[in-house]
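The values are calculated or read from the model by the stated rules, or taken from the named source; none is laboratory data. Just so it is clear, the model here is predicted, and its values are computed rather than measured. Cβ: placed from backbone, ideal geometry, glycine included. Neighbour counts: every protein chain shown. Calculation scope for accessible area: heavy atoms of the full protein, side chains included, ligands and nucleic acids excluded. Shrake-Rupley method; radii C 1.70, N 1.55, O 1.52, S 1.80 Å.
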Amino acid sequence: MSVTMITMIVDRCPVDPDAVAEAYLLGTLPRERGTAFEEHYIGCPDCAERLQFTEEFLLAVRPAAAHLRSLAARECEGVLQ
C-alpha cells in the first residue's frame, strides 16, 4: 500500500455525512450528536460541503413535497366523503 493511500485512509472523515447531514438539518439527531456534528463539520470540508448540499436540496424539494401532501389530502377527503 502506498503512502498516499495510507494517508487517504487515515485522513478520511470518520463521520458519514450522508447519514448525518439530513438528520441534523431536520432536527432529528439527539442533542449531543447534533452538538458533536456541529463541532466536527466546522473543521471538516467534506462534511461542510455535504451539509450545504443537503440543505440546498431540502430547500428545493420542500415546496414540491408540500404540494404533493396537499393533493393527497384532497384526494383522501374525496374518498372519505
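Is it fair to say G78 is surrounded by fewer than 10 Cβ atoms within 10 Å (Cβ to Cβ) and modelled with pLDDT of 85 or more? Working first, answer last.
Numbers: surrounded by fewer than 10 Cβ atoms within 10 Å (Cβ to Cβ): yes; modelled with pLDDT of 85 or more: no.
Answer is no for this residue.
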*If we scan segment 54-64, do we find a residue that is under 28 Å from P17 (Cβ atoms), part of a helix (DSSP H, G or I) and open to solvent by less than 50 Å² (accessible area, probe 1.4 Å)?*
yes
*asked:* Taking the condition of being open to solvent by 60 Å² or more (accessible area, probe 1.4 Å) and in contact with a helix residue (DSSP H, G or I) (Cβ under 9 Å, 6 or more places away or on another chain), how many residues in segment 28-51 meet it?
replied: 7
*Would you mind stating whether P14 is modelled with pLDDT of 90 or more and exposed (fewer than 10 other Cβ atoms within 10 Å of the Cβ)?*
no
